[in-house]
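The structure appears right after this line, and notes come after that.
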Amino acid sequence: MSSVEEKGGDDGVLHVFLELDKEDEFLDQKIAIIVAHNIRLEFFLTEIDPLPLSLLTALRIRALNMLDLYFYDDDLSSGSLDHTVPIGMKFVSPQNERKMLIDCQRLLKNAGSDQSLSSAKRGVLESAMTLLCSLCNQFIQPLNSRFALDDPCIRDDTEDLFRDWLTREHFPRSLSVAQFPGIGRGLIATKAFAPGEVVLSIPKDLIINIDTALSSPLGAVFAEVLKLFPDMHQDTITLLFALYQRHDPTSRWAEYFELAPKEYTTLLTFSEDELSLLAGTPLPAHREENMTRLRTVYEELFPILSDRYPDVFRPDVFTWENWLWCRCLFDTRAFEPEIQGVKKTSLLPFADMMNHSPYAQIVTPRFDDATQCIHFEALGDIPQGAQLHLNYGRLQNWELLTYYGFVDTTCPYDVYRLDLEPPDDEMATQKALILAHSQLPLQHYIDRDGHLHKKLLGALRVLLLTEEEMLHLPDGLAMAASGMFSKDNELNVCQTLQATLEAVLHSLDNSLEEDEAMLHMTCPIRVLLALQYRVTQKQILHKALGEVQNLLSTL
């Protein structure tokens, strides 16, 4: 939260207060960063400096998440993207920058809603908005220049029924369904949009969620189902409703479901042979857990529901195969907007055809009580002919593959997670105390550039301490995690890391070069996705091994 107030008289100065979320689980870390660098949470917007760098810095710090904080350095340098650029000068990550820009937009819009602002202060706000708009445009520029209006990829005549449905449901003609080479369907802007302009609105009665199900002609049946299964998650009702609508030719959403993919490439759809290509990664176990959970829910419901309500839950419709399809539909397309104060898993027809990008031009959708619609607004200027993108979140490739069925080989968030074993020798208690005192975790990450963070090296230095080295620790617990303690200890750290990384690579089958060669061969889509994921992980591990070898060369 934040607020803006006038700073005494009509001097053209706006006083901005920035508040931190008291429920933020990382609040203490963020406060420590702010205090350590003498960053104030009050800012003065003036004609000379309408958008202070210090405000953007504070907004970036407030938006730091767990991985941002892990890769965070004491000198305010950024984490996984660039270890040399100060956080106040350049973004930490696309997701962090996006959150900063959106929060800053809301802050300035809130200030502009104050009708008592003098013309001088309103002029300062307009200057701030102009500068912010420039930052937003820089952020989304790569997407805006990707496709031109006369590009053949936008001429698509395969969705005639769906286009008729869009007209019937009064969707604007400013957006169009298009086919994009190597991507598939998406949405394109057939007109230009200005920053803050509503690009698309989905009326509440067209949203598919639990409210729609309970207020439909079948609402009484779904209410009885909730009583029959009192522990049922509300999302299950939404899935039941959606699957019914998909197979009802008279459904209001018939054309929408007809255009939905007939099959998916998410992890749940992988065969055992395809899944075996991911051996050595956490994904097979993760898929097994999700599949077991999904099948358990299905077997709890059927055939009970089909026996009790055969006209609603027809056995030929509510099969396991269709249930799995519906789960994949929601995994790949569902939103979780906050509607009247409550987050609800929802299908938002037409809007869910926008593809993902970390640099998406569309702001996170919001429900507007006045219009009873979910609005999608432009983050910056969107030219006519640009493909429209949403941001699905700060997702790594394992999440993109698991829930969305694709791999982004340029994903900026990919890391390799490396969990260290807790100390279990005679010095376990002392080592645990040193780790806690030095704020060194056992869960670590190697970023996509293979960077070995000082927290990982520091934790290994502590865990590999010998009894003799422990006796010579300065000040008992004052272990210098950021630097070498002794040559022998450092050598042990490097050799341990090298052996660990080589063992992981060995468990992944084939060499990186062999996998990269296979990517150029013709193979089924799920095999290709598994290979792409393996390659992204192996590239991280190889780069990390290179860093280890560089460290060894200095010893």
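So is V225 of a type outside the set (D, E), over 29 Å from W165 (Cα atoms) and surrounded by 18 or more Cβ atoms within 10 Å (Cβ to Cβ) or not? The answer is yes for V225.
Contact annotation: residue pairs with Cβ atoms under 6 Å, 6 or more positions apart or on different chains, pairing a residue in segment 252-272 that is under 18 Å from S216 (Cα atoms) and in contact (Cβ under 8 Å) with a residue 40 or more places away in the chain with a partner that is open to solvent by less than 30 Å² (accessible area, probe 1.4 Å) and not aromatic (F, W, Y), are W253/Q245; Y256/P349. Any idea which residue in segment 201-216 is nearest to Q372 (Cα to Cα), counting only those that are open to solvent by 30 Å² or more (accessible area, probe 1.4 Å) and assigned to a helix (DSSP H, G or I)? If we take residues in segment 201-216 being open to solvent by 30 Å² or more (accessible area, probe 1.4 Å) and assigned to a helix (DSSP H, G or I), then K204 is nearest to Q372 (Cα to Cα). In segment 444-457, the residues that are aliphatic (A, V, I, L, M) form Cβ pairs under 9 Å with partners that are in a helix (DSSP H, G or I) and open to solvent by 10 Å² or more (accessible area, probe 1.4 Å), at six or more places apart or across chains, as follows: I446/K543; I446/E547; L452/E547; L452/L551; L457/E490; L457/L551.
One residue stands out among those in segment 148-181 that are modelled with pLDDT of 80 or more and closer than 16 Å to H389 by Cα: the one that is nearest to the chain's Cα centre (by Cα), which is F180.
Here's a check for you: in segment 30-69, which residue that is polar (S, T, N, Q) and open to solvent by less than 60 Å² (accessible area, probe 1.4 Å) is farthest from I446 (Cα to Cα)? If we take residues in segment 30-69 being polar (S, T, N, Q) and open to solvent by less than 60 Å² (accessible area, probe 1.4 Å), then T46 is farthest from I446 (Cα to Cα). Restricting the search to helices (runs of 4 or more DSSP H) fully inside segment 217-320 and requiring at least 1 residues that are over 30 Å from L418 (Cα atoms) gives 219-228, 234-246, 254-259, 283-301, 304-308. Here H520 does not fit the description of being open to solvent by 40 Å² or more (accessible area, probe 1.4 Å), without any contact (Cβ under 8 Å) to a residue 12 or more places away in the chain and assigned to a helix (DSSP H, G or I).
From the set of residues in segment 328-355 that are at positive phi and without any contact (Cβ under 8 Å) to a residue 40 or more places away in the chain, which is most open to solvent (accessible area, probe 1.4 Å)? Walk me through how you get there before you give the answer.
Let us first name the residues in segment 328-355 that are at positive phi, namely 340-341, 350.
Okay, now just the ones that are also without any contact (Cβ under 8 Å) to a residue 40 or more places away in the chain, so 340-341.
Numbers: Q340: 104, G341: 60 Å².
Of everything passing the filter in segment 328-355, Q340 is most open to solvent (accessible area, probe 1.4 Å).
Listed conditions (1) at pLDDT 80 or above; (2) among the basic types (K, R); (3) more than 16 Å from I362 (Cα to Cα) are all met by K191, apart from (3).
Take segment 338-348 and flag every residue that is in contact with a Ser or Thr (Cβ under 9 Å, 6 or more places away or on another chain) and closer than 23 Å to F406 by Cβ. Talk me through it step by step, then tell me what you get.
Residues of segment 338-348 in contact with a Ser or Thr (Cβ under 9 Å, 6 or more places away or on another chain): 339, 344-347.
Residues satisfying the conditions are T345, S346, L347.
Among the residues of this structure, C373 counts as one that is open to solvent by 10 Å² or more (accessible area, probe 1.4 Å), over 20 Å from P142 (Cα atoms) and in contact with a Lys or Arg (Cβ under 8 Å, 6 or more places away or on another chain). I need a count of the residues in segment 369-407 that are assigned to a strand (DSSP E or B), closer than 23 Å to I339 by Cα and touching a residue at least 40 places away in the same chain (Cβ under 8 Å). So the count comes out to 7.
The values are calculated or read from the model by the stated rules, or taken from the named source; none is laboratory data. Given the structure is predicted, the values throughout are model-derived calculations rather than measurements. Backbone-built Cβ (ideal geometry, glycine too); neighbour counts: all protein chains shown. Accessible surface areas use protein heavy atoms only, side chains included; no ligands, DNA or RNA. Shrake-Rupley method; radii C 1.70, N 1.55, O 1.52, S 1.80 Å.
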